[in-house]
Amino acid sequence: MTEKRSKRTILASSAVAEDRAFGSVAPPIGLSTTFTWDDHREKPGYDYARRATPNRDQLTSCLAELEGAAGGAVTSSGLAALDLCLFMVSPGDLVVAPHDCYGGTHRLLTHRARRGQFELHFADLTDEAARRDAFARRPKLAYLETPSNPLMRITDLAACAKEARAAGTVTVADNTFLSPMLQSPLELGCDVVVHSTTKFIGGHSDVVGGAALAKDPGLAEELAWWANCTGVTGASYDSWLTLRGVRTLAVRVEAQQRTARNLARMLEDDERVRAVRYPGSVSHPQKNLIARQQKGPGSMISFELRDGLEVGGFLSGLKLVNLAESLGGFESLICVPDTMTHAGMEEAARREAGIAPGLLRLSVGLEEEEDLMSDLKHGLRQAEAMA
């Protein structure tokens with residue numbers, strides 16, 4: 001039985017000094033699309049890059065060990081990873097998902113369902129009664145997202161996994177916001193964990209990718225089979241770059257959430273801010289669940305300005321924090337979900353989820369804390385001056 005290693009050690013040692021050809025310490029980049037066969041009757045370990053490459057296997061192994069998974073697939077994007085999981089459902093099967101999930105996820109599920117690929121039920125899975133009703137419908141698959149994007153609502157993964165097992169439901173948990181450093185969905189009973197590796201895993205905003213990892217070896221093999229079958233596997237160079245980026249995941253996450261705690265506290269104390277949603281806030285209504293389920297609050301914050309202050313005025317006052325989609329990189333980014341990341345949702349769905357036009361989502365980076373505080377305060381002063 002393989003000895004369980006610490007996550008910091010996994011990050012620092014995965015695929016290191018494994019090159020037998022030249023003795024390279026850092027894993028080399030292998031860009032070949034095809035590989036030679038010794039015998040036409042026996043398929044080699046590597047035959048064609050859509051199915052497997054050394055670099056993709058190295059990244060898959062690293063992420064699987066971090067999440068406590070048997071294996072899975074590295075994909076071309078986070079949405080490709082989620083879409084890959086939908087091979088488990090057929091027409092007539094029910095998929096349950098949170099009503100306030102990421103806009104791209106909501107769009108994908110909605111339009112797949114409209115084409116008759118499965119039935120779909122959106123629910124507030126943070127509400128116990130709604131959760132029980134959802135699993136009473138005996139869905140084939142339940143997609144879970146916690147903290148939710150962008151409202152930072154927390155779903156009880158262990159409770160969902162327990163009800164899912166009783167209902168014969170496969171649970172797929174999106175761990176993008178927290179990463180394996182702060183949350184372990186498979187340890188809490190979920191079947192599959194997915195990531196947009198574009199975000200915290202890669203950490204440098206320079207490569208798009210995703211991963212779907214399963215605890216059960218058979219399910220992990222199925223994910224890999226379907227990834228090859230559908231051609232959604234990630235490229236070798238992208239896998240190499242993502243593995244290079246994930247090396248610093250532990251130190252990045254630690255530094256980013258330390259700054260985020262203080263920024264959230266500053267925003268909560270500012271009278272120009274009406275509401276702050278951050279898993280590290282003492283006022284968060286689910287703080288007990290957060291303490292039980294997460295190893296830290298993370299570095300994502302959402303907030304709303306007080307009535308009378310315009311988002312445009314606030315954004316115009318920012319000089320350091322950039323207005324852009326995505327999150328989890330080394331740089332601080334801010335977005336307006338209503339018109340940016342969640343614009344793919346129909347307006348009625350956004351309002352039902354609680355995504356207001358004035359909601360702002362902040363991804364805290366690695367800049368000096370005092371500089372970020374100064375920038376946010378400048379934006380607040382600008383919003384006030386333009387009111």
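Work out, step by step, the length gained on full extension between residue 288 and residue 230: first 0.36 nm times the residue separation, then minus their alpha carbon distance; give nm to one decimal. Display every interim value, and only then the final one.
Details: separation 58, 0.36 × 58 = 20.88 nm, distance 4.15 nm.
Gain on stretching residue 288 to residue 230: 16.7 nm.
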* To do: At 7 Å along the Cα-to-beta-carbon direction for both residue 325 and residue 132, put a label point, then send me their distance in nm to one decimal.
  => 3.9 nm
* Asked: Under the Karplus relation 6.51 cos²θ - 1.76 cosθ + 1.60, θ = phi - 60°, what is the ordered set of whole-Hz ³J(HN,Hα) values for the range 52-67, x standing for Gly and Pro?
  -> 7, 9, x, 5, 5, 5, 4, 5, 4, 4, 4, 5, 5, 5, 4, 8
* Ranking of 304, 42 by count of other Cβ atoms within 10 Å, fewest first -> 42, 304
* Structure fact -> Phi-derived 3J(HN,Hα) across the range 95-108 with the Karplus relation (6.51, -1.76, 1.60, θ = phi - 60°), rounded Hz, x for Gly and Pro, is 10, 10, 8, x, 6, 10, 6, 3, x, x, 5, 4, 5, 4
* To do: Taking 7 Å along the Cα-to-C-beta vector as the label spot, tell me the residue 377-residue 265 distance in nanometres, rounded to one decimal.
  => 1.5 nm
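Just subtract the alpha-carbon distance of residue 17 and residue 370 from 0.36 nm times their residue separation and send over the number in nm, one decimal. Mind showing how you got there, number by number?
Working: separation 353, 0.36 × 353 = 127.08 nm, distance 3.99 nm.
My answer for the length gained is 123.1 nm.
Could you list 216, 100, 124 in order of exposure, starting from the residue whose Cβ has the fewest other Cβ atoms within 10 Å? It would help to have the intermediate numbers written out before the result.
Details: 216 15, 100 26, 124 19.
If I rank by nearby Cβ atoms, fewest first, I get 216, 124, 100.
Quote the relative contact order of the chain in percent (integer), defining contacts as alpha-carbon pairs under 8 Å separated by 6+ residues. Intermediate values should be presented prior to the final figure.
Working: 777 pairs, mean separation 67.5, N = 387.
Contact order relative to length: 17 percent.
Exceeding 22 Å between C-alpha atoms, which entries from my cross-link table qualify? They are 7/162; 4/162; 287/319; 319/377; 162/199; 4/140. Before the final figure, lay out each step's value.
On the way: 7/162 26 Å; 4/162 25 Å; 287/319 33 Å; 319/377 11 Å; 162/199 29 Å; 4/140 32 Å.
Violating the 22 Å limit, Cα to Cα: 7/162; 4/162; 287/319; 162/199; 4/140.
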* To do: State, to one decimal in nm, how far the label point of residue 4 lies from the label point of residue 93, with both points 7 Å from Cα in the Cβ direction.
  => 3.0 nm
* Asked: What is the order of 248, 198, 259, fewest Cβ neighbours within 10 Å to most?
  -> 248, 259, 198
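Each reported figure results from applying straightforward, stated rules to the coordinates on display, with no laboratory input. For clarity, every value in this text was computed on a predicted model and none was experimentally measured. Every residue, glycine as well, gets a Cβ built from its backbone with ideal geometry; the counts of neighbours run over all protein chains shown.
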